[in-house]
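Colleague: Here it is, the structure, as structure tokens.
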Amino acid sequence: MIPVAKPQIDEAEIQAVTEVLRSGMIAQGQRVADFEAAFAEYTGTEHAIAVNSGTAALHAALLAHGIGKGDEVITSSFSFIATANSILYTGARPVFSDIEHETYNLDPDQIAEKITGKTKAIMPVHLYGHPADMKAIREIAEDHKLTLIEDACQAHGAKYNGKKVGSFGTGAFSFYPTKNMTTSEGGIITTNNAEVAEKARMIRAHGSSQRYLHEMLGFNLRMTDICAAIGLVQLGKLDDYTAKRQYNAKRLTEGLQDIEGISCPTIKEGCEHVFHQYTICSSERDKLAEYLNQNGVGTGIHYPITIHRQPLYQELGYTDTLSESEKASREVLSLPVHPQLTESEIDTIIDNIRQWSEDK
Ligand SMILES: *Cc1c(COP(=O)(O)O)cnc(C)c1O
């Protein structure tokens, strides 16, 4: 089976972790500080605050911006559940706005009508590694004095008009093993706002900036030096990984673009797509997935149920109709695009889809 995701851990990561373990300093320490400095530099932001998951990064980012009970945050329903759950954790209410068909990202034209007197923030998701329309979304945020929090958990290194995502507002990244780079579990917040950075650091450590002095309610969201050591090595390889993903995506599109009934991912002008997922769209998605799985090609569905249709959100009373999000949840199919894919595996994926299309 060609897996849909495959984290790459080499001798360098093993060496780096071993060094930390031998040092005896295994919780948050110098490696975390080094990783934060390196990641801030990579994204072109002034501050980076490492935490123990992407979910924690979203949660702490919202809290650091003072978002809580009574507030509304506009986001996408076509995302991983953590996007909206992080808003629920703060006591605020996620308000879902529909996506654009082309990129599966928030449609800027539909955001304004969701803004109420309670709206405090917009949280676009750079889904699959394709940047959301940051020019339009940032303009809406500025016009209405709203905070911009980017869910960049799938978009390490993606660029919009030459600028890396996570640097437009406050960014949140995940380092889960299937993401474009990993620390095992882990996440990071990026921001140019010194006050938000300081608050996020406090929230990460029980509301404390000084040992045993607690000024606010915080959590234990710390990253360990073991994880940061992996992250430092992975960050050094990220651009190579990305180039490989982009090459694999190009090969897949060349092989698939003329097949009827399938649409390949598009890249909007001014955007650099980092292909966390290579996601095609077909009205016969389930049949195609079954065929591919039977023939040794792993696939993924990101995501089969929109967030507002999840039982949790149904129970919370969400009754939205978001036609593009719901259509996408029925039609998307992610194919393997990870950096370890071989030329012959790419050919196998293409040949199988071609065969399926001819047979049906
Ligand atoms: C992975 C992911 C998250 C959560 O990250 P974790 O590290 O798994 O907590 C949030 N949002 C999106 C869009 C993701 O893909």
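Colleague: Arranged by the count of other C-beta atoms within 10 angstrom, fewest first, what order do CYS281, CYS153, CYS271 take?
Modeller: CYS281, CYS271, CYS153
Colleague: Also, I was wondering about something else. Report the residue, chosen from PRO177, PRO265, PRO124, that carries the largest GNM mean-square fluctuation when the chain is represented by alpha-carbon nodes joined by springs under 10 Å.
Modeller: PRO177
Colleague: Quick check on the chain: of the DSSP beta bridges with both residues there, what percent are antiparallel, nearest 5%? Show your work: numbers first, answer last.
Modeller: Details: 23 of 39 bridges.
In the chain, DSSP labels about 60 percent of beta bridges as antiparallel.
Colleague: So, one more: Taking only Cα atoms and a 10 Å spring cutoff, compute GNM fluctuations for the chain and point out the largest among ALA194, ALA228, ALA50.
Modeller: It is ALA194.
Colleague: Normalised by the residues of segment 39-109, what does the relative contact order come to in percent, with Cα pairs under 8 Å and at least six apart?
Modeller: Details: 82 pairs, mean separation 18.8, N = 71.
Relative contact order here is 26 percent.
Colleague: Report P(r) for segment 238-359: all Cα-Cα distances, bin width 5 Å, range 0 to the bin holding the largest distance, values in whole percent.
Modeller: Percent of pairs per bin, in order: 2, 11, 19, 21, 18, 13, 9, 5, 3, 0.
Colleague: What list do you get for VAL20, VAL297, VAL165 if you sort them by fewest beta carbons within 10 Å?
Modeller: VAL20, VAL297, VAL165
Colleague: Continuing with this model, one more query. Compute the separation of the alpha-carbon centres of segment 218-270 and segment 59-105 and state it in Å as a whole number.
Modeller: 23
Colleague: Of LYS237/LYS327; LYS114/LYS145; LYS287/LYS327; LYS268/LYS327; LYS164/LYS327, which ones are farther than 24 Å apart at the Cα?
Modeller: On the way: LYS237/LYS327 36 Å; LYS114/LYS145 14 Å; LYS287/LYS327 16 Å; LYS268/LYS327 20 Å; LYS164/LYS327 29 Å.
Checking Cα-Cα distances, LYS237/LYS327; LYS164/LYS327 exceed 24 Å.
Colleague: Sorting HIS338, HIS302, HIS156 on the 10 Å Cβ count, fewest up front, what's the list?
Modeller: Numbers: HIS338 23, HIS302 20, HIS156 30.
Going from sparsest to densest Cβ surroundings: HIS302, HIS338, HIS156.
Colleague: In Å and on Cα atoms, what radius of gyration and Dmax does segment 33-145 show?
Modeller: 14.3, 43
Colleague: Percent relative contact order of segment 73-112, based on C-alpha pairs within less than 8 angstrom and at least six residues apart? Each step should come with its number before you reach the end.
Modeller: Details: 46 pairs, mean separation 16.4, N = 40.
41 percent.
Colleague: If eta is 0.890 mPa s and T is 25 °C, what Stokes-Einstein diffusion coefficient results for the chain, Kirkwood Rh from Cα pairs, in µm²/s?
Modeller: Translational diffusion coefficient: 118 µm²/s.
Colleague: Something else now. Mind listing P(r) for segment 167-264? All alpha-carbon pairs, 10 Å bins, whole percents.
Modeller: 14, 29, 29, 16, 9, 4, 0
Colleague: What number do you get for segment 86-158 when its Cα radius of gyration is normalised by 2.2 N^0.38 Å, N = residues?
Modeller: Values: Rg = 11.9 Å, N = 73, 2.2 N^0.38 = 11.2 Å.
Rounded to two decimals, the normalised Rg is 1.06.
Where a number appears in this text, it was derived from the coordinates with a stated rule and is not lab data. Source: prediction; values computed, not measured. With ideal geometry, Cβ positions are generated from the backbone for all residues, glycine too; neighbour counts draw on all protein chains shown.
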